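Please read the structure below before turning to the comments.
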Amino acid sequence: MYDKITPPTTGERITFKNGEPIVPDNPIVPFIRGDGTGVDIWPAAQQVFDAAVEAAYGGKRKISWFKVYAGDEACELYGTYQYLPQDTLTAIKEYGVAIKGPLTTPIGGGIRSLNVALRQIFDLYACIRPCRYYSGTPSPHKTPEKLDVIIYRENTEDIYLGIEWREGTEIAQKLIHILNDDLIPATPEHGNKQIRLDSGIGIKPISKTGSQRLVRRAIKQALLLPKNKQQVTLVHKGNIMKYTEGAFRDWGYELATSEFRAECVTERESWILSNKERKPDLSIEDNARQIDPGYDALTEEKKAQVCQEVEEVLNAIWETHGGGKWKDKVMVNDRIADSIFQQIQTRPDEYSILATMNLNGDYLSDAAAAIVGGLGMGPGANIGDECAIFEATHGTAPKHAGLDRINPGSVILSGVMMFEFLGWQEAADLIKKGIGGAISNRQVTYDLARLMEPPVEPPLKCSEFAQAVIDRFN
Ligand SMILES: NC(=O)C1=CN([C@@H]2O[C@H](COP(=O)(O)OP(=O)(O)OC[C@H]3O[C@@H](n4cnc5c(N)ncnc54)[C@H](OP(=O)(O)O)[C@@H]3O)[C@@H](O)[C@H]2O)C=CC1
Ligand SMILES: O=C(O)CCC(=O)C(=O)O
Ligand SMILES: [Mg+2]
């Protein structure tokens, strides 16, 4: 079955039923060490994982690690250009849950992202990246503890699908001509726009299927959160890209108000309901005036639309959601992408789950991680219905590779997510305690050390931080 690797002789497979993992006490978990700082981070993280499982379960549970290869390490074992060998794919498919270090993607040419390929091959459609503050972590932000969000990023489509053509190639030229000569003129809303002949062309597909299965997961997650965090914000640039980003928003609302009708309220619905609650005899038009402050300046047609919206909402959900009942529902709202970048800084505590398309979520997860301490504190998970791969938000950080100095925190916290996914909460809790303990005692790697007041000198090495986390389990 395998060409160059051998699974551990002890341990069992994790299987999936209805999207949920069924986990034996001794699961086999494939891991990819990763390129660049993967050489430093992985051994440190694995040491923490094993120590946490041992401390939590005293030998009753154990992970059998299965080393699989991708990136530069794979080329060394399997030969030139063998960046993602079949053995690795077979192992991940067979064992269902894997964890990985970062993998390099060259810029402007060369191979396409191995990280993205893994997400696409295993249909890991939800990239989940929590950004939560650990007490004592230095931050460039004044109140980082107010940010406690989980980014739910669509992981399989958008510009990230990687369908694009280089400038000057035959297909790029052909596409530009078809667009300029046929398709754009046939679409009156595009006026007389034209694409420059020396353009590269990329395709940005956003599907209803992809959008709704992501938002479905986000809403289900919101339902598990404390009441004050039961909120999903649809992030989009729908004012500019109406049929991709705007459609993502619309499909999100559509799902929330159909499949989750009993559990959700939209922000605009909540305004309409609360207006009527405050003043039961409020007219439809006055209600419309209150939800759209510019109402009186609208055209008659637009005014009629807002009034219709108010009427439809009251008819549809006053009974079920009115009289304050909406306050116990998951609040679904939306924010334009550029605005959410400032909102998480200026009003961090107003957000909980941010549901995004692929590229927006990529940008936003690095930005949000920066608020809570930087990329050394940004874990992640790629989840599908039959497979899950855990990995940090950051990349290979090549300038720090092999120096035993990088912060392994993000991969360690990705392991916390993995343990929570497996239902091994005790191991997850020990690691969180260990990380919190180490940081609050100023036992930190260079990235956090330089931000602390006064700076920590000398900072811990990557391997020393792992040991400090383990030492703080008790
Ligand atoms: N999932 C994946 O495997 C990903 C892979 N990549 C790939 O990684 C490569 C390098 O990308 P690059 O743009 O440099 O981004 P990186 O995320 O690798 O690193 C950028 C900077 O972020 C900081 N940083 C990153 N990781 C850590 C950490 N663990 N602890 C502390 N600080 C950290 C460092 O800042 P400083 O030096 O200031 O301390 C580092 O120089 C590219 O090939 C890219 O495609 C990128 C993202 C995800
Ligand atoms: O795959 C890559 O090289 C980059 C991916 C990335 O930045 C991400 O998924 O956050
Ligand atoms: Mg990224």
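Key figures
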read-out	value
Structure-based [θ]222 nm, the chain - -39500 (n - 2.57) summed over DSSP H runs of at least 4, per residue, nearest 500	-12500 deg cm²/dmol
Theoretical FRET efficiency, 1/(1+(r/R0)^6), r = Cβ-Cβ of A55 and E453, R0 35 Å, to 0.05	0.60
Stokes-Einstein diffusion coefficient of segment 23-141, Kirkwood radius over Cα pairs, 10 °C, 1.306 mPa s, in µm²/s	98
In order through segment 187-193: 3J(HN,Hα) via Karplus (6.51 cos²θ - 1.76 cosθ + 1.60), integer Hz, x for Gly, Pro	10, x, 5, 7, x, 10, 4
DSSP-defined beta bridges in segment 1-121 - what % are antiparallel, rounded to 5	25
In Hz, Karplus ³J(HN,Hα) per residue of segment 384-395 (6.51, -1.76, 1.60; θ = phi - 60°; x = Gly, Pro)	x, 7, 9, 6, 8, 10, 9, 7, 6, 6, 7, x
Cα shape, segment 240-333, gyration tensor, a/c 1.5 rule	oblate
Charged-residue dipole, Cβ positions (Lys, Arg, Asp, Glu), segment 206-308 about Cα centre, Debye nearest 20	640
Loop chymotrypsin sites (Phe, Trp or Tyr not before Pro), segment 80-189 (other Cβ atoms within 10 Å of the site Cβ: 11 or fewer; DSSP)	Y81
Beta bridges per DSSP with both ends in the chain, % antiparallel, nearest 5	40
Spherically averaged projected area in nm², based on the convex hull that wraps the Cα atoms of segment 154-260	8.3
Alpha carbon Rg of segment 280-433, scaled by the compact-globule rule 2.2 N^0.38 Å	1.51
Relative contact order computed over the chain (Cα-Cα under 8 Å; 6+ residues apart), in percent	23
Environment charge at I389 (Cβ cut-off 9 Å; Lys +1, Arg +1, Asp -1, Glu -1)	+1
Kirkwood-type radius of segment 376-474, with distances r between different C-alpha atoms, in Å	14.1
Equivalent-ellipsoid semi-axes of segment 336-396, from the Cα gyration tensor, Å, largest first	21, 15, 10
Surrounding net charge for K193, when Lys and Arg each add one and Asp and Glu each subtract one, Cβ distance under 15 Å	-1
Segment 177-280: trypsin sites (Lys or Arg not before Pro) in DSSP coil with no more than 15 other Cβ atoms inside 10 Å	K193, R196, R261
In order through segment 4-11: 3J(HN,Hα) via Karplus (6.51 cos²θ - 1.76 cosθ + 1.60), integer Hz, x for Gly, Pro	10, 10, 10, x, x, 7, 10, x
Under the span-like rule (Cα at least 27 Å along the axis, Kyte-Doolittle mean at least 0.0), DSSP H helices of the chain	38-57
Bins of 10 Å, starting at 0 and running to the largest distance - Cα pair percent for the chain	4, 18, 26, 24, 16, 9, 3, 0
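Read-outs throughout are calculated quantities, based only on the coordinates presented, and are distinct from any laboratory measurement. The model shown is predicted, which means the values in this text are computed figures rather than measured ones. No Cβ is skipped: glycine too gets one built from the backbone with ideal geometry, and neighbour counts run over all protein chains shown.
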